[in-house]
1. Dividing the convex hull volume of the Cα atoms of the stretch 90-146 by its residue count, what figure in Å³ per residue is obtained?
2. Cβ under 12 Å from LEU31's Cβ, LEU31 left aside: what net charge do those residues give with Lys, Arg +1 and Asp, Glu -1?
3. When the chain is fully extended, how far beyond the present Cα-Cα distance does SER109 get from LEU32, taking 0.36 nm per residue of separation?
4. Quick check: net charge around VAL7, other residues with Cβ under 12 Å of its Cβ, Lys/Arg +1 and Asp/Glu -1?
5. Please report the antiparallel percentage of DSSP beta bridges with both residues in the stretch 8-153, rounded to the nearest 5.
6. With labels modelled as points extended 7 Å from the Cα through the Cβ direction, what inter-label distance (nm, one decimal) is found for SER2 paired with ASP44?
7. Taking a 20 Å limit on the Cα-Cα distance, which of the listed pairs LYS88/LYS136; LYS76/LYS97; LYS97/LYS140 fall beyond it?
8. Quick one: net charge of ILE95's neighbours, Cβ under 13 Å, K/R +1, D/E -1?
Amino acid sequence: MSLRVLVACEYSGRVRDAFRALGHDAMSCDLLPTEAEGPHHQGDVTELLGMGWDLMIAHPPCTHLAVSGSRWFKDKVTQQAEALVFVKTLMDAPIPKIAIENPISVISSRIRKPDQIIQPWQFGHGETKATCLWLKGLDKLNPTNVVDGRDARVHRMPPSKDRWKERSRTLSGIAEAMAAQWG
């Protein structure tokens with residue numbers, strides 16, 4: 001059965017394309033244009049939440065949420081509060097199956113603990129990047145390709161204007177696991 005899948009806050013198209021490859025009607029949405037040709041809504045995802053989706057996978061921006069930036073939290077009180085309201089809006093969307101993806105963040109202490117924490121090395125990528133999943137109506141992801149190597153490439157990236165984009169892309173092995181197991 002084909003699902004209607006909304007991939008929120010995704011400009012790369014990786015998760016969208018993994019679902020489309022399996023025959024699902026998947027669309028990405030982000031404030032940025034998509035990097036890969038395919039169905040994409042450039043704009044505010046909250047405008048799309050009530051449109052009869054079967055599944056939403058959301059990657060809300062972690063800029064004001066991730067504990068890796070906790071030294072700046074005191075200067076981001078308003079932005080962090082707004083980011084948490086956005087996450088809660090996504091979690092409460094009228095969609096039967098929802099996955100919210102974010103790194104280790106204040107979502108855990110301010111909204112609720114994640115249902116699962118995954119690592120890229122469990123899905124064919126020999127690196128570390130703890131990724132939390134908050135799930136509604138979905139099973140936990142099962143590892144698909146546990147590999148050696150625990151490279152911290154993502155954390156060692158040098159400063160650049162596009163560092164945040166490089167760090168935020170979902171790795172293909174994780175996208176494919178989401179599509180295969182949740183689709």
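Every number here is computed from the coordinates shown, using simple stated rules; none is lab data. Given the structure is predicted, the values throughout are model-derived calculations rather than measurements. Positions of Cβ are backbone-derived with ideal geometry, glycine not excepted, and every protein chain shown enters the neighbour counts.
1. Normalising the Cα hull of the stretch 90-146 by residue number yields 74 Å³.
2. My count for the surroundings of LEU31 gives -4.
3. Contour length minus Cα-Cα distance gives 24.8 nm.
4. -1
5. 50
6. Calculated label separation equals 3.1 nm.
7. Table pairs above 20 Å Cα-Cα are LYS76/LYS97.
8. Numbers: positive: ARG4, LYS97, LYS136; negative: ASP54, ASP92.
Charge balance in the 13 Å sphere: +1.
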